[in-house]
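Trainee: Below is one structure. I have some questions about it.
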Amino acid sequence: MRRVALLLSIAFQHLAKRRRQTIVAVAGVGVGVGFFLAVSALMVGSQDDFVKKLIDAAPHIVVSDEVRSPTPQPAVQAYPGGAVAVHGYKPRTEMRGIKGWQQLVATVNAMPGAVASPSLSGGVTLRVGGHEEALAVIGIDPAVEAHVSNVEENLKAGSLHALETNQGGLIVAEELARRLGVNMGDVVGATSARGGTRSLRIVGLFGRGRSPGGSSGTGYVLLREAQSLTGQPFIINRVGVKIADPYRAETVAKALEARFSYKAESWQERSADFLTLLLTRNIIMYTVVSAILLVASFGIYTVVSNAVADKRRDIAILRSIGFSQADLQGIFVAEGLVLAVIGIILGFGLGLVLMQILGSLEFPVSGRVEHIPLDRRPRQFLLAGGASLACAVFAAWLPARKAARVDPVDILRGAA
Amino acid sequence: MSTLIEAHGLARVLPGDPPVSLVQGIDLAVEPGRFVAVIGPSGCGKSSLLYLLGLLDRPTAGSLMFDGMDTVPMGGDARAALRLARFGFVFQFHFLLPEFTALENILIPIRRLGRLSGGDARTRAMELLRAMELEAQADKTPDRMSGGQRQRVAIARALANDPSLVLGDEPTGNLDSVNSRRVVEIFQALAHEQGRAVICVTHDPDVAAAADRRIHMRDGGIEKVD
């Protein structure tokens, strides 16, 4: 301990005597760490925000009445394991919908913190005057759906609850309503391929660009309404699932699919391409910010290597006094550490200031004022501090090794 | 009396083509309480011999015993530890660390050895400064002291850990006659009053005359001892 204090005090004295170089090196580390923090706060913050939106945009898991491979034909089923190939068959028409969905919903609801919302989606055509628009309607139970997705938040007018209180209530996107020339409370005609024509009343509007699935061609009606409209009474073809920990969605989805054999798509699967993009983005970001830190450590290398060159005589003196090679190496590595620690502290300050500035910027997004999402967790500080400390030790260690190898006799002989 | 440092057939050859022989066939023994001067013309190997005796350099042949220990097979750390605890060096140039005050310069070897606590180390350093009549210079850095003062701080630093062997490499080479005489008196006291062995390489006839024994060197070997 005493030895460390002594080596540190010698290192401090060396640095105090080369103030300008020291300031430049410390500033380099400080700027590097500061920008590392600002950039990573920005990137990680926006990523977290984006992932949160991905997760919230739709139920964590959507079980649909599709299967991942076609249903085996009776002839094949009849001879399992036999060398049977069937060509040109006419597929049996099957009733669509999830069979035994009640059991699926009960299974999900039995999991802690999980909610399942059964729904039916189908296509209808909306008609007002001579104007027609195709619409994918989703029939829901408003009370349950509100727990599973954030439909409610995206409403500009009306409410999910209004579907229950109004006969034939319909929620559509603002853009669609405008195209049809209708507004809240107006009545539109809806025709489906299999069912008849009914009149629906607009009881809610999604805000611009905030329709479910990002498409203005999606509308919500009551589950019962959808079933009778599309002529599929008691049928459910989609179950939205929300679970307590969205990051377990993939596991849960796999389990549900294994048990009920219907396609269960997790949000990760749904947005796999986005997630790959994020990974690439992270690799780019960390490469760039690591380069900043690496460049900052060049300053430390310069200071320490100059100190070693200038202090060859002092090195010889200390060796003659009885300092070991490890002691000398320690002194110069300590110089790098001191520079790095001061630089990191300054960098933390700079990072906080930059984050403050970034956080105070306001962006109007679709009518709302938004702030840049920032990640201010201590993890980023630890990462920035740890990485630059490691760079500094390495940058100082290279010249310090040289200091340890100085042969005192060469210096003493030269001086005498 | 038993010897403190004893060399037999000590040689140092610089590798090269052709190899350069710095010193060869040195036989020598110095007892505690003796002041020995090594004299001879420039380039005769005096300093090279001193670096070998001071464990700063390694011999290419021969044996070197210090206080009954064979120093030749010792590793770098063991030699450094021995220098720290038992040896004191005084060079022609003061060789103080320029960033540190006189007191701090003396404290460096004491703190490195770590046998004394902070307060005791300071007391010890002040005592050494007082013995050199340098109390007033304690808080000055070397650039604010005279040549004689600096050399005495260097001697105080060499004595910091109470060494058994003091090695001088032209310690008066850069001093005027008054300061030289003072250094000679100090070296005599180190040997005769404090019982340390003192080996001093010198050109200065006054230093040589004050020594108990003179080793005359020529061409890397010992010519005669008187």
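Trainee: Run the quick spin-label model on residue B:13 and residue A:357: label points 7 Å from Cα toward the beta carbon, then report their separation in nm to one decimal.
Mentor: The two pseudo-label positions are separated by 6.9 nm.
Trainee: Could you work out which residue, out of A:112, A:80, A:373, moves most in a Gaussian network model of chain A, that is, has the largest mean-square fluctuation with Cα springs under 10 Å?
Mentor: Taking springs between Cα atoms under 10 Å, the residue moving most is A:80.
Trainee: Given the range A:96-265, what percent of its DSSP beta bridges are antiparallel, to the nearest 5?
Mentor: Here the share of antiparallel DSSP bridges comes out near 75 percent.
Trainee: Quick one: what does P(r) look like for the range A:96-265 with 5 Å bins over all Cα pairs, in whole %?
Mentor: Once binned at 5 Å, the Cα pair distances of the range A:96-265 give 2, 9, 18, 21, 19, 15, 9, 6, 2, 0, 0.
Trainee: By how many degrees, 0 to 90 and rounded to 10, does the Cα axis of helix A:272-310 deviate from the longest principal axis of chain A?
Mentor: Around 10 degrees separate the two axes.
Trainee: Still on this structure, please answer the following. Towards the positive end of the charge dipole of chain A, with charges on Cβ (+1 Lys, Arg; -1 Asp, Glu), say which of A:218, A:26, A:165 has the farthest Cα.
Mentor: Value computed over the given set: A:26.
Trainee: Counting only protein heavy atoms, what percent of the accessible surface of chain B is carbon or sulfur at a 1.4 Å probe?
Mentor: Percent of accessible area from carbon and sulfur atoms in chain B: 49.
Trainee: So, in nm, how far is label residue A:277 from label residue B:141 when the simple model puts each one 7 Å beyond its Cα toward the Cβ?
Mentor: Result for the modelled spin labels: 6.0 nm.
Trainee: Next question. Could you list, in their original order, any pairs among B:46/B:140; A:52/A:99; A:156/A:263; A:53/A:156 whose Cα atoms are separated by more than 30 Å?
Mentor: B:46/B:140; A:52/A:99; A:156/A:263
Trainee: Right, next: In degrees, nearest 10, range 0 to 90: what is the angle between the Cα axis of helix B:147-158 and the longest Cα principal axis of chain B?
Mentor: 80
Trainee: FRET efficiency for residue A:161 and residue A:259, Cβ-Cβ distance as r, R0 = 30 Å, nearest 0.05?
Mentor: Efficiency, from the Cβ-Cβ distance: 0.35.
Trainee: Which whole-number value in Å² is the accessible area per residue of the protein assembly as shown, probe 1.4 Å?
Mentor: That works out to 47 Å² for each residue.
Trainee: Oh, and also: Averaged over peptide A:5-15, how many Cβ atoms belonging to another chain are found within 10 Å of each residue's Cβ?
Mentor: 3
Trainee: Still on this structure, please answer the following. Computing the accessible area with a 1.4 Å probe over protein heavy atoms, can you report the carbon and sulfur percentage for the range A:96-265?
Mentor: 51
Trainee: Give the aspartates and glutamates reachable from residue A:254 as a straight Cα distance under 12 Å; neighbours fewer than 8 places away on the same chain don't count.
Mentor: Answer for residue A:254, where 12 Å is the Cα cut-off: A:265, A:269, listed by chain and number.
Trainee: How big is the gap, in Å, between the Cα center of the range B:1-63 and the Cα center of the range A:196-253?
Mentor: Measuring centre to centre over Cα atoms gives 97 Å.
Trainee: Mark the label point 7 Å from the Cα of residue A:110 along Cα→Cβ and return the residues of the range A:254-285 whose backbone N is within less than 16 Å of it.
Mentor: A:255-261
Trainee: Okay, next question. Please list A:396-409, B:69-82, A:252-265 highest first by mean number of surrounding beta-carbon atoms within 10 Å per residue.
Mentor: Averaged packing, sorted descending, gives the order A:396-409, A:252-265, B:69-82.
Trainee: Next question. Looking only at the protein assembly as shown, where both bridge partners belong to it, what percent of the DSSP beta bridges are antiparallel (to the nearest 5)?
Mentor: 65
Trainee: What residue among A:117, A:38, A:231 has its Cα farthest toward the positive end of the dipole of the protein assembly as shown, where the charges are +1 on Lys, Arg and -1 on Asp, Glu, each on the Cβ?
Mentor: Working it through, the farthest residue towards the positive pole turns out to be A:231.
Trainee: Right, something else. Using alpha carbons only, what's the Rg to Rh ratio of the protein assembly as shown with Rh from Kirkwood?
Mentor: 1.34
Trainee: Here is a follow-up. Of A:357, A:98, A:300, which has the largest mean-square fluctuation in a 10 Å C-alpha GNM of chain A?
Mentor: A:357
Trainee: Follow-up question, since we're still on this one. Between residue A:183 and residue A:12, how high is the FRET efficiency from 1/(1 + (r/R0)^6) when r is the Cβ-Cβ distance and R₀ = 51 Å? Nearest 0.05. Write out the running numbers ahead of the final one.
Mentor: On the way: r = 75 Å, r/R0 = 1.47.
It comes out at approximately 0.10.
Trainee: Given a 1.4 Å probe and heavy atoms of the protein chains only, how would you sort B:120, A:56, largest accessible area at the top?
Mentor: Working: B:120 85, A:56 45 Å².
Accessible-area ranking of B:120, A:56, largest first: B:120, A:56.
Trainee: Average partner chain C-beta neighbours within 10 Å, per residue of B:80-88?
Mentor: 4
Trainee: How well do other chains shield peptide A:322-328, expressed as the mean number of their Cβ atoms within 10 Å of each residue Cβ?
Mentor: 6
Trainee: Let me ask something additional. How high is the relative contact order of chain B? Use alpha-carbon pairs under 8 Å, at least six apart in sequence, and give a whole percent.
Mentor: 31
Trainee: Please work out how much accessible surface residue B:145 shows to a 1.4 Å probe, ignoring ligands, DNA and RNA, in Å² rounded to 10.
Mentor: Rounded to the nearest 10, the figure is 10 Å².
Trainee: Where does chain A land at 222 nm, in deg cm²/dmol rounded to the nearest 500, when only DSSP H runs of n ≥ 4 count, each adding -39500 (n - 2.57), divided by all residues?
Mentor: -18500 deg cm²/dmol
Trainee: What accessible area, summed over both chains, is buried at the B-A interface (1.4 Å probe, Å², nearest 100)?
Mentor: Separately minus together, B and A give about 2600 Å² buried.
Trainee: If you fit an axis through the alpha-carbon atoms of helix A:19-57 and take the longest principal axis of the Cα set of chain A, what angle between them do you get, 0 to 90°, nearest 10?
Mentor: Helix A:19-57 sits at roughly 10 degrees to that axis.
Trainee: Taking the alpha-carbon centroid of each part, what is the distance from the range A:343-416 to the range A:1-18 in angstrom?
Mentor: One Cα centre to the other: 21 Å.
Trainee: Gaussian network model of chain B, Cα springs within a sub-10 Å range: biggest mean-square fluctuation belongs to which of B:119, B:33, B:16?
Mentor: Per the Cα network of chain B with a 10 Å cutoff, B:16 tops the list.
Trainee: How many angstrom lie between the C-alpha centres of the range B:196-226 and the range A:91-153?
Mentor: 107
Trainee: With a cap of 10 neighbouring Cβ atoms within 10 Å, and only residues DSSP puts in a loop, list the GluC sites (Glu not before Pro) found in the range B:117-226.
Mentor: B:193
Trainee: Check each residue of the range A:380-416 and keep those whose accessible area, probe 1.4 Å, is at least 40 Å² smaller with all protein chains in place than in the chain alone; give them in order of residue number.
Mentor: At a threshold of 40 Å² (probe 1.4 Å), the residues of the range A:380-416 that become less exposed are A:409, A:412, A:413, A:415, A:416.
Trainee: Under a plain spin-label model, where a point goes 7 Å from the Cα along Cα-to-Cβ, how far apart in nm are residue A:66 and residue A:128?
Mentor: 3.1
Trainee: Let me ask you something else. If contacts are Cα pairs under 8 angstrom and at least 6 residues apart, what is the relative contact order of the range A:96-265 in percent?
Mentor: Answer for the range A:96-265 is 31 percent.
Trainee: Mind giving me the FRET efficiency for residue A:306 and residue B:130? R0 is 41 Å, r the Cβ-Cβ distance, nearest 0.05 is fine.
Mentor: 0.60
The values are calculated or read from the model by the stated rules, or taken from the named source; none is laboratory data. Remember, it's a predicted structure, so these values are computed and weren't measured experimentally. With ideal geometry, Cβ positions are generated from the backbone for all residues, glycine too; neighbour counts draw on all protein chains shown. These area figures cover heavy atoms from the full protein model, side chains too; ligands, DNA and RNA do not enter into them. Shrake-Rupley method; radii C 1.70, N 1.55, O 1.52, S 1.80 Å.
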